[in-house]
Amino acid sequence: MIRRIAYASRPQSGLSFTEIPRIVAAARTRNTVAGITGVLLFTGRDFAQVIEGPRQTVADLWASIRADPRHHDMAVFLDERTPVPWFGDWRVGFPLDPLVTAQIESWRQRAGTWDDAQRNELLRQLAAIDAI
């Protein structure tokens, strides 16, 4: 079993767009070595991320993310154990569509349990807006 966490957060004010490529480059390297898969989206207003992998590795990464001062207003909307990852690698996207921002806000409001249909819709939406 692996652990999957999906969350949304907002960047601290003053986080420069030039910082994002450095964050992505470091995360790609770290996640590949650690066996983490998932997707990171940044809309300019929100981060939304799914991280999945070995339970302890995900727990350690999650602790690091929660302690990162570049994030605030965090909302976990999915935290589960599963036998199959949604993503075979770690992806990143930068959708600037206001509809994506609205969708992330709806995920943020939905903390708790998700049924299979809702979970599949979340996966479909994340995969559709991923822009490697």
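The values are calculated or read from the model by the stated rules, or taken from the named source; none is laboratory data. On a predicted model such as this, the values are computed, not experimentally measured, just so you know. Note: ideal-geometry Cβ built from the backbone for every residue, glycine included; neighbour counts use all protein chains shown.
For this structure, a couple of remarks:
- Selection within the stretch 51-90: residues that are hydroxyl-bearing (Ser, Thr, Tyr) and over 14 Å from the mean Cα position of the chain (by Cα). The member of this set that is nearest to Asn120 (Cα to Cα) is Thr82.
- First in the stretch 116-128 and within 15 Å of Ala48 (Cα to Cα) and free of Cβ contacts under 8 Å to residues at least 24 places away in the same chain, second anywhere and in a helix (DSSP H, G or I) and of a type outside the set (D, E, K, R), Cβ under 9 Å, 6 or more apart: Gln125/Val100; Gln125/Gln103; Gln125/Trp107
- Conditions (1) under 17 Å from Thr37 (Cα atoms); (2) crowded, with 17+ Cβ neighbours inside 10 Å: number failed by Ala63: (2)
- From the options Ile51, Ile65, residue that is touching a helix residue (DSSP H, G or I) at 6+ places or on another chain (Cβ under 7 Å) and either modelled with pLDDT of 85 or more or on the phi > 0 side of the Ramachandran plot (or both): Ile51
- Residue ranges of strands (runs of 3 or more DSSP E) in the stretch 1-73 with at least 3 members in contact (Cβ under 8 Å) with a residue 12 or more places away in the chain and small (Gly, Ala, Ser): 2-11
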